[in-house]
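These notes are about the structure you will find just below.
The values are calculated or read from the model by the stated rules, or taken from the named source; none is laboratory data. Just so you know, these numbers come straight off a predicted model, no measurement behind them. Glycine gets a Cβ as well: all are built from the backbone with ideal geometry, and neighbour counts include every protein chain shown. The accessibility values were calculated without ligands, DNA or RNA, using every heavy atom of the protein model including side chains. Shrake-Rupley method; radii C 1.70, N 1.55, O 1.52, S 1.80 Å.
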Amino acid sequence: MKHFKSSLLASVLMLPLVVPTAFAETPADALVVAQNIDDIVAIDPAQAYEFTSGELVTNLYDRLVQYDADDTTTLAAGLAEKWEADAEAKTITFTLRDGATFASGNPLTAEDVLFSFSRVIKLNLTPAFILTQLGWNADNIAEMVTGEGNTVTVKYEGDFSPAFVLNVLASRPASIVDSVLVKENAVDGDMGNAWLNENAAGSGPFTLDRYVPAQMIRMKANETYFKGAPEIDSVIIRHVAEAATQQLLLEKGDIDLARNLTPDQVASLNNEDIKVETFPQAAVHFLSFNQKTQSLTDPAVWEAARYLVNYKGMADTIIKGQMEVHQAFWPKGFPGSYDETPFTYDLEKAKKILADAGIETPISVSLDVINAPPFTDMAQSLQASFAEAGINLEILPGTGAQVITKYRERTHEAMLLYWGPDFMDPHSNAKAFAYNSDNSDENYAATTTWRNAWAVPDDMNKETMAALSETDAEVRLNMYRDLQKKVQESSPIVIMFQAAYQVAMDNDVSGYVNGATSDFVYYRLVDKD
């Protein structure tokens, strides 16, 4: 692609949403992105909890330890160059990176880490729960996180593996802010919250050059970044709500990358200058059976159901580009995932399983589903294939709120839904799919197991908690793989697919990384040939 010079960068920001008839070009040193960004409520790392704000925080800030564009599956050194864990004392001691600085030029100190963690706990905004898992609160945070010079010591409460604690510290609210700069901009005791929702004070690969809510974001390369300056000088994210407009802008060359095209639009792209890349996402989609429904309690019904899902048929048609076959509770692409897919549509095998178990058919089951594509399409596919084996699904469409409320109340029979982790540690999903030690109605738990009234076997409950506290990282991951295999083999939760995300971009663009969550969207390695 032929490019304009960087002096035209400002003009790109003013491009109208009505696509001009003349072919346009984007600057060679800027990546221009069209994306719906109106979900952003806050960009302060202590408050940011939306998808797009997560992407922004990741590119503007660092954490002590972090997953990065080079390898989104490996926890690596961030602002800490090394660390030492003492599982018995429940402490992790970090040595800060020598010579690390914030984009402002201020040097990184232990005080920045203490201030960053303390302000998350004291502000107590939406994502604070991720850090308070470690037993931190406003009264004890000064004792739980201490440091001086280039050393920071983190204490935690609870029977946790250090690997779990490290993953918590690699999450969004654990981002380290420039305490000097933030304190200078604090107003009325807000610890800089108002200012940080319009500006940034990080050490990440980019700096925030301009942010206009629901209009645009412009990031500039941080030339002093500890891993080296990004390949691209600027990233400009234009708010374009309409997917059709994004497609037109991409086809005309007014943007380099379109983030929100529908599968139909992706399929309709017919331009040799445009490519489409598909990225697995964290959400897993499942069919579950409420164990309060007597006809659904026999494990033979669960086993037969696994062979009545037309996985390939759906993946090749109604959910093409949106999901891929995945049959375990921890997403592919995350450390500890179990990626075997042993189940395929096999009507005769399903019938035999039911017959051998003496299951009397037909069975009538209501299936709650969100009344929107592709969920209703998936429900109809399940209805057709299950009917062949004498399991008749009555589809009950509802709003997302209606379906989820019913699920939480355990008043459904069968449910078609999805689940995503809160942070990148397999316990985040293991507790949802492989743990339920108290199945009583009074013991509400935000898990798929409790909501489906499945009293998880004691050995699986014990293994889940043992994995949480296992100190050997690889042994721990293998324990989670074993748990996934057990849930896959015998549970009333049939995991079918993992969400996928398609991004259309100009052929000149390389190095774009879109990991399994919004926290794993990286622009640092992007280049335009």
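Does Ser440 satisfy the condition of being modelled with pLDDT of 95 or more, surrounded by fewer than 23 Cβ atoms within 10 Å (Cβ to Cβ) and small (Gly, Ala, Ser)? When the stated conditions are applied, Ser440 passes them.
Consider region 325-363 and keep the residues that are acidic (Asp, Glu) and out of contact with any Phe, Trp or Tyr (no Cβ under 7 Å at 6 or more places or on another chain). The one that is nearest to Glu474 (Cα to Cα) is Asp339.
The residue pairs whose first member lies in region 105-129 and is open to solvent by 20 Å² or more (accessible area, probe 1.4 Å), whose second member is of a type in the set (S, T, N, Q), and whose beta carbons are closer than 6 Å, counting only pairs six or more residues apart or on different chains, are Pro107/Thr101; Glu111/Ser179; Phe115/Ser179; Leu125/Gln47.
Which residue is nearest to Ser295 (Cα to Cα), if the candidates are limited to region 363-395 and must be among the hydroxyl-bearing types (Ser, Thr, Tyr) and not in a strand (DSSP E or B)? Going through the qualifying residues, I end up with Ser385.
Scan region 397-417 for residues that are under 21 Å from Ile319 (Cα atoms) and buried (at least 16 other Cβ atoms within 10 Å of the Cβ) and jot them down. I'd like the intermediate steps shown before the answer.
Here is the first cut: in region 397-417, the residues under 21 Å from Ile319 (Cα atoms) are 397-400, 403, 414-417.
Hits for region 397-417 are Val403, Ala414, Met415, Leu416, Leu417.
With respect to (1) under 18 Å from Tyr512 (Cα atoms); (2) in contact (Cβ under 8 Å) with a residue 60 or more places away in the chain, the lone exception for Asp71 is condition (2). Close contacts from region 312-335, counting a first residue that is over 28 Å from Tyr480 (Cα atoms) and without any contact (Cβ under 8 Å) to a residue 60 or more places away in the chain and a second that is open to solvent by 10 Å² or more (accessible area, probe 1.4 Å) and not in a loop (DSSP other than H, G, I, E, B), with Cβ to Cβ under 7 Å and a gap of 6+ residues or different chains, come to Lys320/Pro263.
If you scan region 344-356, which residues turn out to be in a loop (DSSP other than H, G, I, E, B) and surrounded by 14 or more Cβ atoms within 10 Å (Cβ to Cβ)?
If we filter region 344-356 for residues that are in a loop (DSSP other than H, G, I, E, B), which is where we start, we get 344-346.
Tyr345, Asp346 - these are the residues of region 344-356 that are in a loop (DSSP other than H, G, I, E, B) and surrounded by 14 or more Cβ atoms within 10 Å (Cβ to Cβ).
Here region 219-276 is the region considered, the condition is being basic (Lys, Arg) and within 30 Å of Ala77 (Cβ to Cβ), and the residue that is surrounded by the most Cβ atoms within 10 Å (Cβ to Cβ) is Arg259.
Each row is one residue, and each column tells you yes or no for (1) surrounded by 19 or more Cβ atoms within 10 Å (Cβ to Cβ); (2) closer than 22 Å to Glu489 by Cβ; (3) within 24 Å of the chain's Cα centre (by Cα).
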residue	(1), (2), (3)
Phe279	no, no, yes
Ser295	no, yes, no
Thr317	no, no, no
Pro342	no, yes, no
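For (1) over 23 Å from Thr58 (Cβ atoms); (2) touching a strand residue (DSSP E or B) at 6+ places or on another chain (Cβ under 7 Å); (3) outside any helix (DSSP H, G or I); (4) not small (Gly, Ala, Ser), each residue gets a yes or a no:
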residue	(1), (2), (3), (4)
Glu88	yes, no, yes, yes
Ile92	no, yes, yes, yes
Ala103	no, yes, yes, no
Glu111	yes, no, no, yes
Ser116	no, no, no, no
Leu125	no, no, yes, yes
Phe129	no, no, no, yes
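One residue is enough: does region 141-157 have a residue meeting the conditions closer than 24 Å to Asn106 by Cα, open to solvent by less than 10 Å² (accessible area, probe 1.4 Å) and part of a loop (DSSP other than H, G, I, E, B)? Among the residues of region 141-157, not one is closer than 24 Å to Asn106 by Cα, open to solvent by less than 10 Å² (accessible area, probe 1.4 Å) and part of a loop (DSSP other than H, G, I, E, B), which makes the answer no. If I filter region 47-78 down to residues being of a type in the set (D, E, K, R) and over 16 Å from the mean Cα position of the chain (by Cα), which single residue comes out as modelled with the lowest pLDDT? For region 47-78, the residue satisfying everything is Asp70. When Val487, Val509 are checked against the criterion of being more than 21 Å from the chain's Cα centre (by Cα), open to solvent by less than 60 Å² (accessible area, probe 1.4 Å), farther than 19 Å from His326 by Cα and not charged (D, E, K, R), Val509 stands alone in meeting it. Restricting the first member to region 511-529 and to residues that are over 15 Å from Glu277 (Cβ atoms), and the second to residues that are of a type in the set (Phe, Trp, Tyr), the beta-carbon pairs closer than 6 Å and six or more apart or on different chains are Ser518/Phe51.
The residues in region 56-86 that are assigned to a loop (DSSP other than H, G, I, E, B), open to solvent by less than 10 Å² (accessible area, probe 1.4 Å) and out of contact with any strand residue (DSSP E or B) (no Cβ under 7 Å at 6 or more places or on another chain) can be counted, and the count is 2.
Table: residues versus (1) in contact with a Gly (Cβ under 9 Å, 6 or more places away or on another chain); (2) part of a helix (DSSP H, G or I); (3) modelled with pLDDT under 95; (4) surrounded by fewer than 16 Cβ atoms within 10 Å (Cβ to Cβ).
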site	(1), (2), (3), (4)
Leu8	no, yes, yes, yes
Val19	no, no, yes, no
Val32	no, no, no, no
Asp38	no, no, yes, yes
Pro45	yes, no, no, no
